[in-house]
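Working notes for the structure below.
The values are calculated or read from the model by the stated rules, or taken from the named source; none is laboratory data. On a predicted model such as this, the values are computed, not experimentally measured, just so you know. Because the Cβ atoms are built from the backbone with ideal geometry, glycine has one as well, and the counts that use them run over all protein chains shown. The accessibility values were calculated without ligands, DNA or RNA, using every heavy atom of the protein model including side chains. Shrake-Rupley method; radii C 1.70, N 1.55, O 1.52, S 1.80 Å.
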Amino acid sequence: MNQILTIFIIGFIALIGNWIGYKVPIMESLPGILLLAVITLIGMGFTRILPFKSPVIVWISLFAMLATSPFFPGNEYTAAAIAKINLLALATPILAYAGLSLGKDVHLFKQLSWRIVVVSLVVFTGTFLFATLFAEIVFKIQGDF
């Protein structure tokens, strides 16, 4: 029940952020937020009934892709409704919640000491370099660069 409440609170904050920051009327973005919440809840519920452990993000992503795929009934409406939600309006409350939940584990974070900084820098650098390399290859293939 706590997770459901959290999803709807994040949805409400995203709805307000979409309205204030991107001038999308609340009633226009409400169907997209509700669809995202329902898809998330379906993914979370599916993860709970599986006989094996798997990350919830896998199932949420799968159900979102299915809901917007061409063979799914109502896919055009779903895609159009979700397209009215700006990514930053949605990401801001999610990242804020993640930051707050990290705050309860500060003692564990302190135990990792300086090693987490090194690992983070290596991961960020590697991600950036390989994303850049991939973009360069794709641009070369397309002839855009």
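Within the chain, which complete DSSP H helices have Cα atoms spanning at least 27 Å along the helix axis and a mean Kyte-Doolittle hydropathy of 1.0 or higher? Write out the running numbers ahead of the final one.
Details: long enough: 2-22 (29 Å, 1.52); 26-49 (34 Å, 1.71); 115-142 (40 Å, 1.75).
Sorted by number, the helices that extend far enough and score high enough are 2-22, 26-49, 115-142.
Would you mind telling me the share, in percent, of accessible area of the range 1-138 contributed by carbon and sulfur at probe 1.4 angstrom? Intermediate results must be reported in sequence, preceding the final value.
Working: 7900 of 9980 Å².
Accessible surface attributable to carbon and sulfur in the range 1-138 totals 79 percent.
Compactness ratio of the range 19-90: Cα Rg over 2.2 N^0.38 Å, N = residue count? Numbers along the way, then the final one.
Working: Rg = 13.6 Å, N = 72, 2.2 N^0.38 = 11.2 Å.
With N residues counted in the range 19-90, Rg over 2.2 N^0.38 Å equals 1.22.
Ranking request for peptides 15-25, 48-58: highest mean number of other beta-carbon atoms within 10 Å first, then the rest in descending order.
The most tightly packed comes first, giving 15-25, 48-58.
Tell me the mean residue ellipticity at 222 nm calculated for the chain from its helices only (DSSP H runs of n ≥ 4, each -39500 (n - 2.57), averaged over every residue, nearest 500).
Details: 7 runs with 119 residues, N = 145.
After summing the helix terms and dividing by residue count, I get -27500 deg cm²/dmol.
To the nearest 0.05, what FRET efficiency results for residue 116 and residue 95 with a Förster distance of 22 Å applied to their C-beta separation?
Approximately 0.75, to the nearest 0.05.
Would you calculate the separation in nanometres between label points at residue 65 and residue 5, each defined as 7 Å from the Cα along the Cα-to-beta-carbon direction?
Here the answer is 3.4 nm between the modelled labels.
Before anything else, pin down the relative contact order of the chain: Cα pairs under 8 Å, at least 6 apart, normalised by residue count, whole percent. Walk me through the numbers before you get to the answer.
Details: 92 pairs, mean separation 35.8, N = 145.
With pairs under 8 Å counted, the relative contact order is 25 percent.
Pick out which of 41, 88, 133 has the largest mean-square fluctuation in a Gaussian network model of the chain, springs linking Cα atoms closer than 10 Å.
Answer for the Gaussian network model of the chain: 133.
Using a 1.4 angstrom probe, figure out how much accessible area the chain has per residue, in square angstrom, rounded to the nearest whole. Mind dumping the intermediate values first?
On the way: 10760 Å² over 145 residues.
About 74 Å² of surface per residue is accessible.
How much length, in nm to one decimal, is gained on full extension between residue 19 and residue 125, taken as 0.36 nm per residue of separation minus their Cα-Cα distance?
Working: separation 106, 0.36 × 106 = 38.16 nm, distance 3.52 nm.
Gain on stretching residue 19 to residue 125: 34.6 nm.
Percent of alpha carbon pairs in the chain separated by more than 29 Å? If you can, show how the numbers build up before the last one.
Details: 4016 of 10440 pairs.
Every Cα pair in the chain considered, those over 29 Å come to 38 percent.
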